[in-house]
Each structure stands twice: as structure tokens, then as C-alpha cells.
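J.: This is the structure, below, for whatever I ask next.
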Amino acid sequence: SEQKVIVIIFDQFEEIFAKKELLSLFDNIRMLCSATDSIQENIVIGFAWKIGGTIPEDHPAYFMWHNLSDRRHEFSLTPFSSSDIAEALAIFARELGSPLNPILKRHLTDHCQGYPWLLKKLCIHVHDLVRRGTDQLEILDRSLNVKELFEKDESELTASELACLKKIATDSPAD
């Protein structure tokens, strides 16, 4: 009635094709897609997977994917370009309330490798340090080690959360 659209995205969807034990999950998602298609409402269901991911011909999704060719749209997402990164960092500088040190800006650009999620993680880290009173030059000297950022995140997890994270990483079909 409000003419709004609900968008649901299933990320890392390649998992469902890589593991036979997830076939029942695929069946549930297939039923969700069929039900969504039949009600003809403002609902969009999306699936994201790594570039080069393919659906094996013997998997039921292969036929479903081809049968939906008249109702699906494919989008390839590329890493951030230099101008995308510059624009994101300009927004970040406005959020900080001060210009970014050019050397720090260069480090953020280099360290993110074009990955939006990593640029966000680095910017959040810098934001937190600046808000606590750390000077931008001081951040350059000691604080942009990506491995340490992830280790810090892990140190804040409970034992069960860390066990869950390690289980997910171990069972993932990707390196």
C-alpha cells in the first residue's frame, strides 16, 4: 500500500552449491523464490557470489537459474576505483570534521585494495582513534596494521563467538 520495495540479499551464495548437506536449504530458498514470484509484490530477492562461481549442471539450481532468465538481472560488482575511494574518503573527512592528512589518505587508499568493506573497516578504526584524541600522524605511525585490526576484533569475542567464527572459516569452500 505504501509502494515500497523489500530487498533481501543472500550473500556468499556459492556455499549452497558447494555442499551437499545444504541441498535442503536450497529447496527452502527455491520455495521462497517461487512464492515471492507468485504473489507479484514489491519484493526483490538477490543472490551474491564470487566472480567465476558456477552452478554445477547436476544441481537443481542450474535448471531453476535458467528457467528464471526472463525474471532475473545479473550485476557484476567491481572493486572501488580510485575515484570511488577518493569520494568515500571525502565523505569520511566530512564525518571526522577535519581534512584527512594526505599521507593517511594515501595509506587508507593503498590498504583497502579497492574493497569497500575493508575501506569501511579502516575508516571506522581511524574514526575511533581520532575521537579518542589520537592525532592522524600518530595513527600513521602505529595503527593501520590490518592483521592487528582483525586480531583486535577477535579479542573482543566471547569463546563461543570465536568458536563459531572459526567453524565458519573452516567449513567455507573458499580459502
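J.: Springs between alpha-carbon atoms under 10 Å, Gaussian network over the chain: tell me which of 93, 159, 61 tops the mean-square fluctuations.
T.: In this elastic network of the chain, the residue with the biggest mean-square fluctuation among 93, 159, 61 is 159.
J.: Something else about it: Are there trypsin sites (Lys or Arg not before Pro) in the stretch 114-160 that DSSP marks as loop and that have at most 13 other Cβ atoms within 10 Å, and which are they?
T.: 132
J.: Of 68, 104, 89, which is the most mobile in a GNM of the chain whose springs link Cα atoms less than 10 angstrom apart?
T.: The residue that fluctuates most here is 68.
J.: Another question, then. Report the semi-axes of the equivalent ellipsoid for the stretch 62-142 in whole Å, largest first, where each axis is √(5λ) for an eigenvalue λ of the Cα gyration tensor.
T.: Square roots of five times the eigenvalues give 37, 12, 11 Å.
J.: Turning to a different aspect of this structure: Compute a Gaussian network model of the chain, connecting alpha carbons closer than 10 Å, and tell me which residue from 125, 111, 73 fluctuates the most.
T.: The residue with the greatest mean-square fluctuation here is 73.
J.: Would you calculate a helix-derived [θ] at 222 nm for the chain, using -39,500 (n - 2.57) for each DSSP H run of n ≥ 4 and dividing by the full residue count, to the nearest 500?
T.: The helix contribution divided over the chain gives -18000 deg cm²/dmol.
J.: Express the C-alpha Rg of the chain as a ratio against the empirical globular expectation 2.2 N^0.38 Å, rounded to two decimals.
T.: Scaled against compact globular proteins, the figure is 1.34.
J.: Starting with the highest mean, order 30-39, 2-11 by the number of other Cβ atoms within 10 Å, averaged over the residues of each peptide.
T.: 30-39, 2-11
J.: Sticking with this structure for a sec: Are there chymotrypsin sites (Phe, Trp or Tyr not before Pro) in the stretch 29-77 that DSSP puts in a loop and that have at most 10 other Cβ atoms within 10 Å, and which ones? Provide the component values of the computation, followed by the final result.
T.: Working: sites: 47, 49, 62, 63, 65, 75; in loops: 49, 75.
Loop-located and lightly packed - 75.
J.: Of 50/147; 120/147; 19/120, which ones are farther than 25 Å apart at the Cα?
T.: 19/120
FYI, it's all coordinate maths here, none of it is from the lab. Please read these numbers as outputs of a predicted model, since none were measured by experiment. Glycine gets a Cβ as well: all are built from the backbone with ideal geometry, and neighbour counts include every protein chain shown.
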